[in-house]
Every structure is written in C-alpha cells, then in structure tokens.
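Quick notes on the structure that follows.
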Amino acid sequence: MTENTANLSQKTTRPGGFIWQEHLPGGAHWSGIIRRGTVLRLTDIEGNANVSMLMNNIEVKNERYNMPDTLKAQKTAFLTKPNMCFTDMGRVICSIIEDTCGWHDTIGGLSHAKSVQQKYGDKSYQTAHNDYFKNGYDSLLNELEKWGLNASDIMPNINWFSKVRVEDDGSMTYVPNNSSAGNYVDLRFEMDAIVCLSTVQHPLDPAPEYNPKPIELTVFKADVIKKDDACRLHRAENERAYYNTKIYYGENPNDEC
Amino acid sequence: MTNANIDANRIVYREVVEAGDPWMHEVKAGQRFRIVDLEGNQAVDTLFYNAHDHSERYSATDTIREQGNIYLTKGSVLQSNLLNPMLTIVDDTCGRHDTIGGACSAESNTVRYAIEKRHMHSCRDSFLTALGQCECNADKPMTKGDLSSNINFFMNVPVSPDGHLDFDDGISAPGRYVEMEAHMDTLILVSNCPQLNNPCNGYNPTPVEMIIWK
Ligand SMILES: [Zn+2]
C-alpha cells in the first residue's frame, strides 16, 4: 500500500488536487463513482494493458456511454484526445483531456467465458485460486449488478490502451504493442458516473498466454473548463453535447467553472 | 418482382413498412426473413432479441469481432450478447450493411445537427413507440435499457485504416434485398429510418417490404 503510493507520486503529477489512487492487478474488475469535476487517470504500468470500461449516469442509470453516437459525432472509429465520450441522451459523460497512448479501441467488445476457455484453456478457482481465468463479459456484469444494473447494460464498451485497425475491406486487425509502460489517459468527467472496469486481455489479443496487465487509477480535481477547452472546440457536435450536459445540471453553459 | 424466387405458398407474413415507421415481428427458428429496399437508398435500423428471453439480443461488437470484419454481408452470422448465433445472412443483393453507426435519436439529432432538431422524427423514438405498442412485449416488457447498438441494413459507414469514420451515400438500389435465416425464435424490432439530415437514405425516406417464409 505505502509502496504503491510512494511509487506513483511522480508519474501522476498534474495540476489540480490529488484525491485518491488505487492499483488494479491484471484480470481484476472494479467499479465506483467518478464525480463530475474530477479527472480519472488510467495508467498502463507495465505496457500492453487493456482496460474495458462501461459508464452509466448515476442518476438516470439507463443513460450510458454510447459507442455509435460517440464515433459518428466525431467522425472517428477510435478514441483519443480531444474526443468526448457521448451518452445515448446527447450528453458528454467524460472528455479525453490527455492521452500519451494515442489510440483506444471501442469496437472490439469483450471476451466471454467460452472465448477465454478456447484461447487459454481452463483455470478454475479450485485449481488456481485467485489466478483463475477471468473474462470481460462476466467481470463487467459482476460490477454492474452492484449498482442495480444488469446484462442489458453491457453495451459496446471502450478498451483503453488497445488498438484495432479496420482495413478498407472492413477486416479488423488487432495491433500489438500499442501501449508502452507509463502511458496514461486522463478522463475529465462531465457527469456523475458509475464506472465499471475489467483488466482482462482484449478479446482480439492473439497472445496465447493468459497474461493480463496491471493498471493504476488516480483521481484528481479537474481544472476550470474554459470556453476554449480543446474538447469543447474539437467539433461543433462536442460543444452542443457539452451544452446539453450543462443544462441537464441546471448550469449556464457559458459559465466557466 | 421482388419476391420472384419465393414460392407464394411458403410465405407466412409480408408487409410494407412505410417511410419512417416502426415495425416488430417474430421470425421462428428455421424461417427466413427478407428486407426489400423497395425504392433504394433506405436505411433499416434493426435489433434482434431471443423471442423467449429478451435479455439475449443482437450484439454489434461480438458480431463484427467474431467474423473479423465490420461490414455485414452474405455469410455473416449475427451473434447474440451470449455469443450464440441468432441469424445468418444467406442472401444479399446490396453487399454491405453497417453495424457500428447505431440509430439516430432526438437527443443525438441535437448534437449532430442543431439543438432545435430534437423534434424531428428519429429511429430510437420509433423503437420506443414499437416497444410501447406491441402485444408481443406484454408479458416481459422491454424498455429503453434494452436498446443496444443496432444493424443498419443498406447503410454504408466506411472506416479507413487511420480510423476515420464517415457516412456515405447508400450503395443500395430499388429492389435490392438482404435475407437471413433464423437460428432461434427471434423477435425483430425495426425502425425504417426517418432521418432527413444525412445521406443514409438519400435525404428521402422510402418504404421497405418485410417478408417471412418457411
Ligand atoms: Zn435513423
């Protein structure tokens, strides 16, 4: 515990107040509330991590991260700075304000029990205790249920630090070694959100070994959001979604706060 | 013309869905389901559910990943969220269908076009209208939470290797169709897209025909 905290203080420096930090081993699942006005930093500690994420509005839980709306509005098939992550209700759930990796997948989906078993074989709790093989679908379902959510909330998810390229004929290629040790992505939350995470390997990762990588979560206080914020300015669509989000919270979108 | 090669005795259901309308119907395991783009360039937003357990449904990401390609065409197996085959596309005279572009909504209209376009007709409103009206939904009601990422039949959403995504004019034409065979009793939920702001249906929504036969 103290070792973690000591290790981390250097690479997690950023303007704005530090709030908390937590280490997630590979193959773990996690969920929690990330408040608007804070920044969640995901750090790939060893390189080649994969972090599958789902996000829901804590107040209106069936408002959730929507992959098609996010991609269409920003004319992109992957996520990086200064993209915003849109919900199905025309609002922003979080904004990508920093990214040292450059490409994050949101079309590859999750691994399942049967695909993990086919690829890596069987390792149960009975034979391996806590090193048993996890899969993305069951891991996220487990976390969703803690918040009164269920399988219908397993939507197309984000896979942070993973890259899937689409060729002109539509074929999908997993690009290995997309992320190196120390890469991080900073997500400024614009909405109070339930965030569910799984650190199981990407379902298209061809590596034959089950070897999911650890990550680190750090939460900071966000800086004031100015009118010239790069995420807001990225596209007119982003500013309109930001407008929708501010008025949802009863705030004037032109106020900088 | 459009059903020239379907034996009329084998047709169990057929209906024209007018421009902008929702539609919901069940296709039984082993039956075939054809959507005919009557006038061309239409986008047909479609969701599939296991008719006996709506929590099992079409999954966009599982479908494209399992086939290793983001476009749907003949041979594509539409996977459920439990990784079970729901339907297989057995015939396709269009050649490409989208599964990452999703459905338009009142709320996304405000983001994509203008705040005041909220009140235009949209696919997710059509889905919700169908869920609210269909008797097939009486025993186990489905809600907005059951709407996942859908297929857009006849729609063209090209992605480039550098990750750029765009909406292109449709590649369909009058009379083109896509045909599927069901592996399980499947509930089909459709919005015949009313979108007037992008080229997915040539800025001119038109009717489609649904044919189910055995
Ligand atoms: Zn539509």
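A few comments on the model shown:
- Annotation: B:Ser126 fulfils all but one of (1) touching a Cys at 6+ places or on another chain (Cβ under 9 Å); (2) within 11 Å of chain A (Cβ to nearest Cβ); the unmet one is (2).
- Some residue of the range B:168-176 being open to solvent by 30 Å² or more (accessible area, probe 1.4 Å) and within 16 Å of the ligand (Cβ to nearest atom): yes
- Restricting the range B:137-146 to residues that are open to solvent by less than 50 Å² (accessible area, probe 1.4 Å) and more than 8 Å from chain A (Cβ to nearest Cβ), the residue that is modelled with the highest pLDDT is B:Met142.
- Among the candidates B:Cys134, B:Cys104, B:Cys123, the residue that is away from the ligand (no atom under 13 Å from the Cβ) and either in contact with a strand residue (DSSP E or B) (Cβ under 8 Å, 6 or more places away or on another chain) or closer than 30 Å to A:Val166 by Cα (or both) is uniquely B:Cys134.
- Taking the criterion of being over 25 Å from A:Ile158 (Cβ atoms) and either within 15 Å of the chain's Cα centre (by Cα) or within 13 Å of chain A (Cβ to nearest Cβ) (or both), the residues of the range B:92-112 that qualify are B:Asp92, B:Cys94, B:Gly95, B:Arg96.
- Taking the range A:163-212 as the range and being within 12 Å of chain B (Cβ to nearest Cβ) and small (Gly, Ala, Ser) as the test, the residues that pass are A:Gly170, A:Ser171.
- A search for C-beta distances below 8 Å between a residue of the range A:109-138 that is over 15 Å from B:Gln79 (Cβ atoms) and within 14 Å of chain B (Cβ to nearest Cβ) and any residue that is assigned to a loop (DSSP other than H, G, I, E, B) and of a type in the set (Lys, Arg), counting only pairs 6+ apart in sequence or on different chains, returns A:Val116/A:Lys134.
- Candidate set from the range B:177-214 (those that are in a loop (DSSP other than H, G, I, E, B) and within 12 Å of the ligand (Cβ to nearest atom)); member that is surrounded by the fewest Cβ atoms within 10 Å (Cβ to Cβ): B:Asn197
- Every residue from the range B:16-46 that is in a loop (DSSP other than H, G, I, E, B) and either touching a helix residue (DSSP H, G or I) at 6+ places or on another chain (Cβ under 8 Å) or within 16 Å of the ligand (Cβ to nearest atom) (or both): B:Glu18, B:Ala19, B:Gly20, B:Asp21, B:Asn41, B:Gln42, B:Ala43
- Residue check, B:Gly132 at pLDDT 95 or above and more than 10 Å from chain A (Cβ to nearest Cβ): no
- Residues located in the range A:78-126, provided they are acidic (Asp, Glu), over 14 Å from the mean Cα position of the chain (by Cα) and either surrounded by fewer than 21 Cβ atoms within 10 Å (Cβ to Cβ) or farther than 26 Å from A:Tyr242 by Cα (or both): A:Asp122
- Options B:Tyr13, B:Tyr49: the member that is within 14 Å of chain A (Cβ to nearest Cβ), more than 16 Å from the ligand (Cβ to nearest atom) and either part of a strand (DSSP E or B) or surrounded by 19 or more Cβ atoms within 10 Å (Cβ to Cβ) (or both): B:Tyr49
- Cβ-Cβ under 6 Å pairs, at least 6 apart or on other chains, the range A:15-29 side within 19 Å of A:Ile45 (Cα to Cα), far side among the acidic types (Asp, Glu) and modelled with pLDDT of 95 or more: A:His23/A:Glu216; A:His29/A:Glu143
- The residues of the range A:205-240 that are in contact with a Leu (Cβ under 8 Å, 6 or more places away or on another chain) and assigned to a helix (DSSP H, G or I) amount to a single one, A:Glu239.
The values are calculated or read from the model by the stated rules, or taken from the named source; none is laboratory data. Remember, predicted model here, so these are calculated numbers, not experimental data. Ideal geometry is used to build each Cβ from the backbone, glycine not excepted, and the neighbour counts take in all protein chains shown. Note: accessible area is taken over every heavy atom of the protein model, side chains too, but ligands, DNA and RNA are not part of it. Shrake-Rupley method; radii C 1.70, N 1.55, O 1.52, S 1.80 Å.
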